[in-house]
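These notes concern the structure reproduced below.
The values are calculated or read from the model by the stated rules, or taken from the named source; none is laboratory data. Worth saying up front: this structure is predicted, and the values here are computed from it rather than measured. Reconstructed Cβ throughout: ideal geometry from the backbone, glycine too, with neighbour counts over all protein chains shown.
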Amino acid sequence: MSATFPPLARRLDGLQSSAIRDLLKLTSRADIIGLAGGLPDAELMPRDRIAAAADAALSDRSRLQYTESPGWGPLREVLAVRESGRLGRAVAVEEIFVTHGSQQALSLLSEVLLDPGALVIVEDPAYVGALQVFRAAGARIVAVPLDSEGMRLDALRTLLEAGERPAVVHTVSNFHNPGGVTLAPQRRRELANLAERYGFWIIEDDPYGELWFERPSPAPVATYSPNVIRLSSASKILAPTLRAGWMIAPAPVCRAVELLKQGADLCGSALTQQITAELLADTDWLAGHVDTVREVYGARAGALVGAMRARFGDRIVSTDPAGGMFVWVDFTDGTDTAALLPRALDAGVAYVPGNAFAVSTDYTRSMRLCFTTSDAATLTEAVDRLAKAHGGV
Ligand code: PMP
């Protein structure tokens with residue numbers, strides 16, 4: 001006899017599990033080269049430094065205790081110094097709010113900024129973790145396409161001039177997930193101007209900004225307007241398991257988020273927040289560590305894009321990543337990337353079909369490839385397998 005349970009809340013209607021998380025379950029086979037998951041390389045994570053910092057933190061029993069909801073004070077101070085450098089102004093500790101990864105900041109902000117039915121403008125293709133959160137909040141979602149310089153502001157302006165009034169515009173400003181592109185400096189300024197003119201919040205979602213290969217990423221959108229709530233994270237430069245993200249936002253937004261954080265989880269972990277503070281405060285060590293990550297990822301990105309272009313020639317158009325973790329590839333020969341996927345898995349390579357990130361544009365002929373967790377030889381082998389599955393090359 002199958003059990004009948006009482007109903008779940010109506011806000012769950014239409015919510016779907018992330019297609020990518022579902023796909024990752026299929027692609028964890030050892031014989032598959034995984035270009036699908038958006039994971040930083042665990043081999044590059046500073047395990048020994050984390051272990052030593054954990055030991056030091058645990059010598060003080062108060063790290064076993066609850067901590068303040070906006071984050072452990074000394075971590076907020078380290079982050080205020082760090083973000084002051086990034087933003088070119090003195091950032092106050094009251095503007096810093098530590099979250100359980102930047103994903104929790106997205107979740108709490110959606111409750112603070114969005115009434116049901118509020119309009120949220122996202123990029124197309126979009127970061128699916130943001131889409132899930134905005135959908136769960138009952139927002140109306142409209143997408144603006146990306147081009148090689150990031151969010152197309154002409155398309156955003158058209159929507160605004162047609163009378164659309166977003167509560168929030170969400171942008172992944174650096175080394176976009178999944179699109180690979182970076183918002184051009186002039187567009188950052190223009191986007192900030194539009195936010196002030198039309199009275200909307202910008203969520204600048206920036207977990208990848210430190211992972212540039214040749215040239216530092218441009219000044220954050222947050223340097224141009226107080227309407228910007230900036231999100232960053234230790235996940236890609238230290239380790240996701242720390243679950244240390246942070247938000248830089250005007251004090252009233254931080255206070256509102258605090259009310260919700262109290263209900264969500266009371267507070268974060270004083271232990272991982274102290275580890276994060278210690279590693280971020282050791283700026284000489286950190287600079288060397290992040291340089292190594294940049295160098296390794298830069299070489300891998302070059303190897304993957306080089307192999308794709310050598311194998312597929314003018315059948316593809318690929319981004320040339322200047323940082324981050326992803327390459328976005330469009331097939332010009334009509335390849336349907338969702339239809340290709342089972343053959344690719346048989347050949348031993350996994351990727352994410354473009355439509356997993358689509359909001360209103362058709363990305364049937366696109367795919368996202370992640371280059372972070374395989375060395376150059378493995379990436380070349382992955383492209384050989386992909387070419388075999390594709391058959392036409
Ligand atoms: N924003 C973007 C654009 C991301 O790609 C990710 C991670 N995939 C996150 C936020 C969340 O990262 P975390 O919660 O680990 O900080």
Scan the range 155-177 and tell me whether some residue there is on the phi > 0 side of the Ramachandran plot and away from the ligand (no atom under 16 Å from the Cβ). yes
Considering only residues that are within 16 Å of the ligand (Cβ to nearest atom) and more than 22 Å from ASP282 (Cα to Cα), which ones fall in the range 28-66? GLY34, LEU35, ALA36, GLY37, GLY38, LEU39
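Looking at the range 112-145, which of its residues are in a helix (DSSP H, G or I) and farther than 20 Å from ASP206 by Cα? Reasoning before the result, please.
Just the residues of the range 112-145 that are in a helix (DSSP H, G or I), to begin with: 112-113, 128-136.
The answer is ARG135, ALA136.
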What's the total number of residues in the range 74-106 that are of a type in the set (Val, Ile, Thr), assigned to a helix (DSSP H, G or I) and within 16 Å of the ligand (Cβ to nearest atom)? 0
Can GLY179 be described as small (Gly, Ala, Ser), in a loop (DSSP other than H, G, I, E, B) and free of Cβ contacts under 8 Å to residues at least 12 places away in the same chain? no
Just name the residue that is modelled with the highest pLDDT out of those in the range 4-21 that are part of a loop (DSSP other than H, G, I, E, B) and over 25 Å from the mean Cα position of the chain (by Cα). PHE5
Can you run down the residue pairs with Cβ atoms below 8 Å, 6 or more apart or on separate chains, where the first is in the range 269-289 and at positive phi and the partner is at pLDDT 95 or above and of a type in the set (A, V, I, L, M)? none
Which numbered condition trips up ALA90, out of (1) outside the structural domain of LEU266 (by TED's automatic domain parsing); (2) without any contact (Cβ under 8 Å) to a residue 40 or more places away in the chain? (1)
Residue check, GLU214 in a loop (DSSP other than H, G, I, E, B), within 16 Å of the ligand (Cβ to nearest atom), among the acidic types (Asp, Glu) and touching a residue at least 40 places away in the same chain (Cβ under 8 Å): no
Give just the number: which of (1) outside any strand (DSSP E or B); (2) among the β-branched types (Val, Ile, Thr); (3) more than 28 Å from PRO46 (Cβ to Cβ) does THR241 not satisfy? (3)
Just to be sure I understand the filter: pairs with C-beta atoms under 8 Å, separated by 6 or more residues or on different chains, first member in the range 237-262 and on the phi > 0 side of the Ramachandran plot and within 10 Å of the ligand (Cβ to nearest atom), second member among the hydroxyl-bearing types (Ser, Thr, Tyr) and assigned to a helix (DSSP H, G or I). Which pairs pass? ARG243/THR272
